[in-house]
1. Evaluate the charge dipole of the stretch A:18-134 about its Cα centre and quote only its size in Debye, nearest 20, assuming +1 on the Cβ of each Lys and Arg and -1 on the Cβ of each Asp and Glu.
2. Just tell me how shielded A:200-211 is by partners: mean number of partner chain Cβ atoms within 10 Å of each residue's Cβ, no decimals.
3. Please give the solvent-accessible surface of B:K377 in Å², to the nearest 10, using a probe radius of 1.4 Å with every protein chain present.
4. If I take the Cα coordinates of the stretch A:1-158 and project them onto the principal axes, what are the three extents in Å, biggest first?
5. Other chains near B:304-315: what is the mean number of their Cβ atoms within 10 Å of each residue's Cβ?
6. On the accessible surface of the stretch B:83-210, probed at 1.4 Å, how many percent belong to carbon and sulfur atoms?
7. Can you pull out the GluC sites (Glu not before Pro) in the stretch B:204-285 whose DSSP state is coil and whose Cβ has at most 15 other Cβ atoms within 10 Å?
8. Convex hull volume of the Cα atoms in chain A, per residue, in Å³?
Amino acid sequence: MEGVEASEKVKRTTPRLCSLCNQRKAALRRPKTLEQICRECFYNVFEDEIHRVIVENNLFKPGDRIAIGASGGKDSTVLAYVLSELNKRHNYGLDLFLLSIDEGITGYRDDSLETVKRNEIQYGLPLKIVSYKELYQWTMDEIVKAIGLKNNCTFCGVFRRQALDRGAALIQADKIVTGHNADDIAETVLLNILRGDIARLSRCTSITTGEDGPIPRCKPFKYTYEKEIVMYAYFKKLDYFSTECIYSPNAYRGFAREFIKDLERIRPRAILDIIRSGEDFRISTTTRMPEQGTCQQCGYISSQKLCKACVLLEGLNRGLPKLGIGRKKVCSGEDQVQSKRHLENKALSFHGKHGNVEWKR
Amino acid sequence: MAVCGSACGTNCVPKDTEGEEGERLKRLSLEEESSVRRCTKCAEEEARKECNGLCAGCFRAYLYGKFKLAVTSNAMISPTDKVLVAFSGGPSSRVALEFIHEMQSKALACWDASNSQALPVFTVGVVFMEECNISDELSDQADDVIAQIRSIVSGLSPPSKDLHIVLMESLFSSDLRKLVGSINDATGREDFVRHLRMLSLQRVAFEFGYNKLVLGLSASGIARHVLSATVKGQGYSLPADMQYVDTRWKAPVVLPIRDCLEQELVTLCNLESLKHVQVHDKRCTSINGLVSSFLARLREDNSSREHTILRTAGKLKPFNFNKFSSNQYEYVPSRLRPKFQFIETGEPESSEVLCPICASPLTATELATTRCSQQMKGLNIKEMEAFYLSCCQSCHFQILPKEETSMSCDGFFDLLPKPMVKRSLLRDEIKDYLLEDS
């Protein structure tokens, strides 16, 4: 009896070894695969997977100027850190920059930008900040005051997308990289199914988008789990800002996010399975898809006459917060003439991959 | 307005609006007083709250109209067909049975009245699959359920229908309970039972000479399938199971109530007192259960969400087997045949390779992996290995045994129903003679 108790005691006190190296003590259970591994092996598999994604998808070529969309959050902080490391380790030959967007959210964005400024020093990467105020003459605080909390994420997302492109053009970047992770992409696949957006559904799992536009953007974290990014940041003691946007609680994405968290508990690989499904969807040839053109007002890419940013901005300036939200028609004829008077015409040209693009504002 | 004098009552109607219009106005004014809402379609009967502003009659007609449109626009049922309706006892399949019965009755009445009686009327049979010995459902309720099923089917007015109550495990010589019990993954177990169910229904159809199988799958059921298949990585094969027609099977499967929401079908059952078996909500720890509760939350937020999901998935490309071959349309007038998409007899059949367990088409990546593995193993490949290699990635993950499970791969393979194994072997026998697709 004493022998049995002793052997059980030995079992309990003997540390579990890493299932990869079998040398060091296991420090964590990997969220993606549930393997019990040590810290060093976790760093290796995490970084190695991202490196393989970069190489297998030909994301970069030597000499590329890369703008890293940096919000100060965990995803972009880890992205900047890992990309910087891999660039040195594997000689990618990239020029890396941090690009931040100041949406003007007091108590949130002003704090997170301080984090990005620290990242600039910590990682030695030049930083460019572009603000909504200078681009659109509206901050998110002012927008939320005008429209409330129902569709504010729509405004912010649309404006940020264009702001990133404009900021990248200012620093003459060849590519933008963002920290969208596997959880984000899985949520987007589900959201597009729920909303009936077949056009976005066909594009949202592409690792690189906008290749026929001025500045393509790519997502090296496409197959990286959010939990693993958090784990990496935690163990590496990376400096990041972890508070959620103060205006986000009502976002519809929350539905999909909660569902995916529950799914992950039952079957961790479900997140990658959703992405795989998204990649495998074949759209019927009879489905009418939008054609890409340019905005008649500002020259940005758009499938309609006016891009979404122009429509939303017009709504704000005219005191019509619902303009461009839902399925209502955009203004036409006389209204377009009026709206042009509200906005200043200022040419902003930048060097795109396919030549200069006149971008009026 | 004419002045009639003090003798007139409060319901006085001016002379120039007498007649039908007058009656309508009279009714409307009475309604305003009694605040009774009228049907938005016929404006005669009282609108029912649960019927989206319609009266009970118009609501039924609306649902029957959807059913009839699905049947006629896809030429689902032709006069010579012998149709088998899969009846689980639930409200969706109950309504499917009711509508098929009504369609058959009308067709019979037309035939009776017709001078030539040249075209026959399709026959209908009903099958109930008894599964409680395989899954963990309470077997003491099974007798009650069967009694209710018999009562429902026998209660349908003429023409009478053959009812087949089939014990699933009696159809195959395998120990299905042991087989299902050996699957560790809860979702895999449920999905495997579903695949067994389809195999069983096909077996019954074959044995009793039915050439079409009707499933009471509603729009809500399809929305659940869309989300479930997406989260299981089955995006490629997802469209296969949600079309009106599926000819992968010997008895093609048709879904005539595909456009009706589950809630609408439940409402109809309540309105018309259609007897059906109460399905007890089981606590599901599987992905399928999670998807059901997620969809229920979405429905509370927006009742049209299921239709939107269906519409999105409807824009995905269906497969060649999701349409009939041209000889299925011989009873459709030739002027209408161009409306139907069909495979011309003589055209090469679908080149999709199907998983032997779930019958899902394999993706190009899965096929390439299968071929590569088979080539590596060479001629000495065992039957069991060849079978496992031909399964899709989803069945591999959630159904087939892994090293750490109690049952060995050989043991699991030995318990599989022969029709499931045979499906894989048939292709293997001829694969060397099949030309590669360009």
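1. Numbers: 17 positive and 17 negative charges, 89 e Å.
So the dipole magnitude of the stretch A:18-134 works out to roughly 420 debye.
2. Counting Cβ atoms of other protein chains within 10 Å of each residue's Cβ and averaging gives 1.
3. Its heavy atoms expose roughly 100 Å² to the probe.
4. The principal-axis extents, from largest down, are 78, 43, 28 Å.
5. If you average over the peptide's residues, the count of other-chain Cβ atoms is 4.
6. 51
7. B:E272
8. Per residue, the Cα convex hull of chain A comes to 165 Å³.
The values are calculated or read from the model by the stated rules, or taken from the named source; none is laboratory data. Here the structure is a predicted model, which means the values were calculated and not measured. Backbone-built Cβ (ideal geometry, glycine too); neighbour counts: all protein chains shown. To get the accessible areas, we keep the full protein, side chains included, count just its heavy atoms, and leave off ligands, DNA and RNA. Shrake-Rupley method; radii C 1.70, N 1.55, O 1.52, S 1.80 Å.
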